[in-house]
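The values are calculated or read from the model by the stated rules, or taken from the named source; none is laboratory data. This one's a predicted model, so the numbers in the text were calculated from it and none came from an experiment. Here the Cβ is made from the backbone with ideal geometry for all residues, glycine too, and neighbour counts use every protein chain on show. Just the protein is used for accessible areas: all its heavy atoms, side chains included, with ligands, DNA and RNA removed. Shrake-Rupley method; radii C 1.70, N 1.55, O 1.52, S 1.80 Å.
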Amino acid sequence: MYDFCIIGGGVIGCAVARELTRYKTSVAVVEAREDVCTGASGANSGIIHAGYDPLPKTLKAVYNATGAKMFPAYAAALGVPFVRTGSLLVAFGDDGKDKLRTLLDRGEKNGIKNLRVIRKEDALAIEPRVSPDL
């Protein structure tokens, strides 16, 4: 008999199980696949979503921003190497520039720090293989 049974051994299920083991409880994780994190979590690209994309005041926005802030300490506690490299979003044309401004505004409303729109020259300095047709 267990106090908690977590259905699904993906990243979230395992993280919940890990947190529950900090208390005087017994926890079981049930996974349909042959190992943990082999389903959707296994296909993850490794991106830590910063929180600039989801609409403000949605749960997705809150969880993206909160998770991004928590990740360095969580990785350190698990002994997993982690480097925050950031992301470079590239805009083409006026529509793309409008989209960047929208994402910047969303990110700021979601409490994300250090977001900025940079010039073409700065983008090329960061990543020289970016299309010069910015």
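Here are the numbers for this structure:
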{"quantity": "Given (i) 51; (ii) 28; (iii) 35, the label whose value is percent of Cα pairs over 23 Å apart derived from this model", "calculated": "(i)"}
{"quantity": "Solvent-accessible heavy-atom area per residue, rounded to whole Å², over the chain at 1.4 Å", "calculated": "75 Å²"}
{"quantity": "Backbone HN-Hα couplings from phi across the stretch 91-99 [Karplus 6.51/-1.76/1.60, Hz, Gly and Pro as x]", "calculated": "10, 10, x, 5, 4, x, 5, 5, 5"}
{"quantity": "Extension gain, Val130 back to Leu59 (0.36 nm per residue minus Cα-Cα distance, nm)", "calculated": "22.3 nm"}
{"quantity": "FRET efficiency, 1/(1 + (r/R0)^6) with R0 41 Å, evaluated for Tyr2 and Arg101 via beta carbons", "calculated": "0.25"}
{"quantity": "Nearest 10 degrees, 0 to 90: helix 11-20 Cα axis against the chain principal axis", "calculated": "50 degrees"}
{"quantity": "Carbon + sulfur, % of accessible area of the chain - ligands and nucleic acids excluded, 1.4 Å", "calculated": "58 percent"}
{"quantity": "Average Cα contact separation per residue, the chain, under 8 Å, 6 or more apart, as relative contact order %", "calculated": "19 percent"}
{"quantity": "Selected from Leu115, Leu104, Leu20 as most flexible by GNM, with the chain as the system and alpha-carbon contacts under 10 Å", "calculated": "Leu20"}
{"quantity": "Among Ala65, Ala32, Ala73: highest mean-square fluctuation, GNM of the chain, C-alpha pairs under 10 Å", "calculated": "Ala32"}
{"quantity": "For the chain, the longest site-free run once trypsin sites (Lys or Arg not before Pro) in DSSP loop states with at most 13 other Cβ atoms within 10 Å are removed", "calculated": "85-112"}
{"quantity": "Label-point gap, in nm, between Arg33 and Glu19 - each point 7 angstrom along Cα→Cβ", "calculated": "2.2 nm"}
{"quantity": "Residues whose placed amide H lies under 5 Å from that of Ile6, excluding near-sequence neighbours", "calculated": "Ala28, Val29, Val30"}
{"quantity": "Selection from His49, Val62, Ser87, by position along the positive dipole direction of the chain (Cβ)", "calculated": "Val62"}
{"quantity": "In the chain, lysine pairs with alpha-carbon atoms under 23 angstrom apart (chain gap of 8 or more, or interchain)", "calculated": "16"}
